[in-house]
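Enquirer: Take this structure, written in structure tokens, and hold onto it; I'll ask about it next.
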């Protein structure tokens, strides 16, 4: 059953999601004293990464940014392998996938609020689906190649709007010394932040869809993530109402572009979609099996569906094995990272003001 909010008429899950987004944004940035003083937190939680994108140089940030920590670790990979941050990302991706994007990312919340501003809107199309590949290019070039090759956090330094908005603007406003250091790079990042903000007004979650490398990382885990949106194959009629109602560039529930926001729950005419933990007895990606609604005699239909059923069982087993392997790998990497000082490395970076994030490094 689809529970709806009496005030808005929308599924109650959307109201819960909005509260969750707000709470995540506050919890990530609850060092309120830092905003007043123009200084960032130096607490021990800075060795822990938030699930969503949140700049660790933000004056209010109490934890580290997973994307910034990954780039910093890759810059220093010639000295120490990044066990800790890789294990962290593996486990967060395995348990939640892009549910993080839909519920636990402050940048995602800001984009959705901007999109509520009245303006002409760009609807999803074949062109936006093609543009959604951009985040994978940025992941490969600015998050991986530039840190390994040029020894600089490429995405943080040249692109990241979260760093500009959360760290660059408030810190340069409060800190005269930092303000005197701003130049062409800072101007570029402010301009880029402005352009992305305007784009988000007319295009739903434009940064998330086209530019966010963290979303690209989590997207690889969507098919195997343990919690998120589920589809009951016994109720699904394959009407595609879920895909049509989704503002993201999805082709089915829980594909790489699905942020698992749950908006499709209210659009499903049969109530087949819900939030839940993966059921190993159900089918795999999207958990939608091939269902026949024709009037073919039962024995004939059973024989015809047998190859599809066998293929689905094989696919389900492959996903289960993949999830187990990722779990073992994630726990092992995290354990080795903790033993070799990965937590301390992340904290040492996160407690210092990152000039690249601000746009002056």
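The values are calculated or read from the model by the stated rules, or taken from the named source; none is laboratory data. Bear in mind that the values here come from a model prediction, so they are computed numbers and not experimental data. All Cβ positions, glycine included, derive from the backbone under ideal geometry; neighbour counts span all protein chains shown.
Enquirer: Whether any residue in region 285-306 is at pLDDT 50 or above, in a loop (DSSP other than H, G, I, E, B), assigned by TED's automatic domain parsing to the domain that holds residue 322 and in contact with a helix residue (DSSP H, G or I) (Cβ under 8 Å, 6 or more places away or on another chain) is what I want to check.
Expert: No, region 285-306 contains no residue that is at pLDDT 50 or above, in a loop (DSSP other than H, G, I, E, B), assigned by TED's automatic domain parsing to the domain that holds residue 322 and in contact with a helix residue (DSSP H, G or I) (Cβ under 8 Å, 6 or more places away or on another chain).
Enquirer: So in region 225-247, with the set limited to residues that are crowded, with 23+ Cβ neighbours inside 10 Å and either within 20 Å of residue 92 (Cβ to Cβ) or assigned by TED's automatic domain parsing to the domain that holds residue 106 (or both), which one is farthest from the chain's Cα centre (by Cα)?
Expert: Taking the candidates together, the pick is 229.
Enquirer: Quick one: which residue in 142, 207, 155, 177 is surrounded by fewer than 21 Cβ atoms within 10 Å (Cβ to Cβ) and assigned by TED's automatic domain parsing to the domain that holds residue 100?
Expert: Exactly one of 142, 207, 155, 177 is surrounded by fewer than 21 Cβ atoms within 10 Å (Cβ to Cβ) and assigned by TED's automatic domain parsing to the domain that holds residue 100, namely 177.
Enquirer: Out of all the residues in region 31-45, is one or more under 30 Å from residue 140 (Cβ atoms) and modelled with pLDDT of 95 or more? Lay out the reasoning, then the answer.
Expert: Taking region 31-45 as the starting set, the residues that turn out to be under 30 Å from residue 140 (Cβ atoms) are 40.
From the residues that got through so far, the ones that are modelled with pLDDT of 95 or more too are none.
No, there is no match, as no residue in region 31-45 is under 30 Å from residue 140 (Cβ atoms) and modelled with pLDDT of 95 or more.
Enquirer: Here is a follow-up. Can you tell me how many residues in region 60-72 are surrounded by 24 or more Cβ atoms within 10 Å (Cβ to Cβ) and out of contact with any strand residue (DSSP E or B) (no Cβ under 8 Å at 6 or more places or on another chain)?
Expert: 6
Enquirer: Which of the following residues is over 28 Å from residue 148 (Cα atoms), assigned by TED's automatic domain parsing to the domain that holds residue 172 and touching a helix residue (DSSP H, G or I) at 6+ places or on another chain (Cβ under 8 Å): 121, 116?
Expert: The conditions single out 121.
Enquirer: Here's a follow-up. Do you know which residues across region 229-239 are assigned to a strand (DSSP E or B) and farther than 20 Å from residue 317 by Cβ?
Expert: Hit for region 229-239 is 229, nothing else.
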